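The values are calculated or read from the model by the stated rules, or taken from the named source; none is laboratory data. Not measured: the values here are computed from a predicted model. Here the Cβ is made from the backbone with ideal geometry for all residues, glycine too, and neighbour counts use every protein chain on show. Keep in mind that these areas ignore ligands, DNA and RNA; they rest on the heavy atoms of the full protein, side chains included. Shrake-Rupley method; radii C 1.70, N 1.55, O 1.52, S 1.80 Å.
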Amino acid sequence: MTPRLGMHFDDLDEAYNFYNAYGKLAGFSIRKESSNRGKDGEVVWKRFVCSKEGKTDEKHWIGKELVQRRRMETRFDCKAKLQVKLDKSGGYVVSMFVPQHSHTPATPSKRFMLRSHREVPESKRQLINTYDAANVQSKQQMQVFAS
């Protein structure tokens, strides 16, 4: 389902989960960008953006030379975003939706690797905790998972 202006969510987690699910189908990862709180401390609006939004910070460059070690470019000034604002009913309503991306989407075979879509199943998480409690080294844990 595609987001649209005026959509209603009960809370910010529901809005995030919806946009993240939409992003997974569309082939992009999302992140929380910014928000604003009212005088009572409640979030008045929140913006979720494509993880490739923005540009590399200028302070890392001197002329055309990178100050720190060279890393792969991950930001492409993508404008895709979803913004929700607090509704009078206490929920949140979509106030801005920009669907256009400045990059190609991930292929279906690679979408599970995108940052906001990575998940460790509960069964594996419990097994990892059990191995940690038994002082099994990480390398040995990974060998078990690989087999």
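Brief remarks follow.
- Residues that are touching a helix residue (DSSP H, G or I) at 6+ places or on another chain (Cβ under 7 Å) and of a type outside the set (Gly, Ala, Ser) were ranked within region 102-117; the one that is least open to solvent (accessible area, probe 1.4 Å) is His117.
- Qualifying residue in region 124-138 (condition: of a type in the set (Ser, Thr, Tyr), surrounded by 10 or more Cβ atoms within 10 Å (Cβ to Cβ) and over 28 Å from the mean Cα position of the chain (by Cα)): yes
Residue by residue, here is whether (1) at pLDDT 85 or above; (2) not β-branched (Val, Ile, Thr); (3) not in a helix (DSSP H, G or I) holds:
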| site | (1), (2), (3) |
| --- | --- |
| Leu5 | yes, yes, yes |
| Glu14 | yes, yes, no |
| Leu25 | no, yes, no |
| Ser34 | no, yes, yes |
| Asp40 | yes, yes, yes |
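- Among residues of region 82-115 being basic (Lys, Arg) and modelled with pLDDT of 85 or more, the one that is farthest from Thr2 (Cα to Cα) is Lys88.
- In region 34-43, the residues that are in contact (Cβ under 8 Å) with a residue 40 or more places away in the chain and open to solvent by 70 Å² or more (accessible area, probe 1.4 Å): Glu42
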